[in-house]
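Peer 1: One structure, as structure tokens, below. Some questions next.
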Amino acid sequence: MPKGDWSRYATHGGLTGKGAPYIPEGRSERELVRLQSLGHLLFYLRPRQLLNLRDLQYATGGQVKVPDPTTVRGCAALGLFAWRLFIHIMRSAVRKVFRAGGAAGAA
């Protein structure tokens with residue numbers, strides 16, 4: 001995308017595949033997408049956000065069961081979930097790197 005093309009602007013453009021409307025000099029679009037993903041992870045995995053998960057259970061009428069973070073068992077369950085999420089994200093990132101490297105090496 002040409003530098004400064006705001007016609008395709010989206011607040012989460014890097015995560016939705018629309019691309020960045022502006023790429024500062026010295027940065028790459030891939031780096032901006034990675035930083036945006038990291039920012040989302042750091043924001044939504046804050047302790048305060050994790051404590052707000054109880055609101056999700058209330059909002060869904062009990063259809064979504066969320067462990068109680070005020071108990072040892074609930075903290076352990078949330079920790080296990082966070083660990084599994086981290087492993088999933090790392091595996092996805094490694095797959096993307098190998099796919100990109102494989103595609104570049106084949107060309």
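What follows is calculated from the coordinates using simple rules that are stated; it is not laboratory data. Keep in mind it's a predicted model, so treat the numbers as computed, not measured. With ideal geometry, Cβ positions are generated from the backbone for all residues, glycine too; neighbour counts draw on all protein chains shown.
Peer 1: Could you check the spin-label model distance between HIS40 and TRP83? Points 7 Å from the Cα along Cα→Cβ, value in nm.
Peer 2: 2.5 nm
Peer 1: For the pair ARG95 and SER7, how long in nm is the line joining their label points, each one 7 Å along Cα→Cβ?
Peer 2: 3.4 nm
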